[in-house]
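The values are calculated or read from the model by the stated rules, or taken from the named source; none is laboratory data. As the structure is a computational prediction, the values presented were derived from the model and not from experiment. Glycine gets a Cβ as well: all are built from the backbone with ideal geometry, and neighbour counts include every protein chain shown. Ligands, DNA and RNA are stripped out before the accessible areas are found, and what is left, the full protein with its side chains, is counted by its heavy atoms. Shrake-Rupley method; radii C 1.70, N 1.55, O 1.52, S 1.80 Å.
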Amino acid sequence: MSFIASRLSAIKPSPTIAVTQKARDLKAAGRDVIGLGAGEPDFDTPGHVIEAAAKAMAAGETRYTPVNGTPAVREAIAAKFKRENGLDYTPDQIQVACGGKQIIFNALMATLDPGDEVIIPAPYWVSYPDIALLFGGKPVTVDCPAENGFKMRPEQLEAAITPKTKWLILNSPSNPSGAGYTRADIKALTDVLLKHPHVWVMSDDIYEHVVYDDFAFATPAQVEPGLWDRTLTMNGVSKAYCMTGWRVGYCGGPDALIKAMTKVQSQSTTHTSSISQAAAAAALNGPQDFIAANNAVFKDRRDLVVGMLNQAKGLSCPTPEGAFYVYPSCAGAIGRKAPDGKIIESDDDFVTGLLEAEGVAAVQGSAFGLSPHFRISYATSTELLEEACRRIQRFCGSLT
Ligand SMILES: Cc1ncc(COP(=O)(O)O)c(C=O)c1O
């Protein structure tokens, strides 16, 4: 018998972290590797945020804070929800955690009983199914192919709901596809949810600000106020504010849920760093103009990558509305032979072959629940992206 708890056998370590580590290891061993696996902006945290953190430290903000976050950061978050989303949450209806990931962890731990179902549109962020499984939940994944813009249709949601459904997890713009749900797309889904009062929605809005081409972000509690009391609106500073390492995520939700999630967190991390909370308050309250500047760079990179990948033999790459990922199909490469004689039978084989032949690390679509695709993060320098795309074109061209 293993010493390790059986609940862990149901889950796997984050595949995106694994790819990033593999690329790092190969680089350390002297290989020329371009890592396109990481989901973090390559821009630095803005200077005024760093200054706020230094000031907080010097002012003695180095002690335990309330579990759900300092009053200052929760007030900044409540103001953000009002200003940007038209949502009313009191500071007591807000929780701050060690990243958006811990918010999801807290919410699912606080609500899932064994066998409870969580509807997850695929392709999905890698952690949703595994966190649900960790707490005995049953992920119900719904295929949302490229033909549907990688978005879930209302009839698919209707068909997936059972008496056991507890949550729908919605993520727009999406990791890994970059697909963004319009207000009308969300309304079509919230109309379905209105008919099923036992189903809650968790909206993962972490890429809210990383959007292009006039895409207008919307979130379910704003689109359908009738769902406010069964919506958890999740967000964080990792992506838009280039603060992945600071570990600050947050959410707004009904009192009873926030209370239960706070109970969970009080027995785990207690809270995220007091200094990070001060930094997050400064990020949310401070100037926002750098976000548009960063997005302009991301947009150029997106266009570069989409253009170059669509010129690669056997690839087809839709243009995403947001986030910093593309999710091309490699269907045209399946069944072909690589120069080393191996047949590409899956997207796993495709990314393995690409890494071995050309030193480009991407993440296989199977990790995100929709194949045959692969994910590229374009949150890396334009020069490296150009070189990576040239290598991908060469790899695809070498398949026979
Ligand atoms: C869709 C999505 N949600 C949540 C997170 C969690 O981010 P963090 O824990 O850094 O706030 C990520 C990070 O990659 C993500 O892509």
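Quick check, is residue 191 charged (D, E, K, R) and open to solvent by 20 Å² or more (accessible area, probe 1.4 Å)? Criteria met by residue 191. Where the second residue is away from the ligand (no atom under 16 Å from the Cβ) and the first is open to solvent by less than 10 Å² (accessible area, probe 1.4 Å) and lies in region 249-262, which pairs have Cβ atoms under 6 Å and are six or more apart or on separate chains? Every condition considered, the pairs that remain are 252/81; 252/89; 252/93; 258/93; 261/110. Residues that are within 22 Å of residue 185 (Cβ to Cβ) and crowded, with 23+ Cβ neighbours inside 10 Å do occur in region 101-112, at least one of them. Residue under question is residue 283, and the condition is that it be open to solvent by less than 10 Å² (accessible area, probe 1.4 Å), part of a loop (DSSP other than H, G, I, E, B) and either out of contact with any Leu (no Cβ under 7 Å at 6 or more places or on another chain) or under 24 Å from residue 102 (Cα atoms) (or both); does it hold? In short, no. If the condition is being within 16 Å of the ligand (Cβ to nearest atom) and assigned to a loop (DSSP other than H, G, I, E, B), then region 13-43 contributes 13, 14, 36, 37, 38, 39, 40, 41, 42, 43. Checked against (1) within 16 Å of the ligand (Cβ to nearest atom); (2) open to solvent by 10 Å² or more (accessible area, probe 1.4 Å); (3) closer than 30 Å to residue 47 by Cα; (4) not β-branched (Val, Ile, Thr), residue 151 meets all criteria but (3).
In region 232-259, of all residues being assigned to a loop (DSSP other than H, G, I, E, B) and near the ligand (Cβ under 10 Å from one of its atoms), the one that is farthest from residue 200 (Cα to Cα) corresponds to 243.
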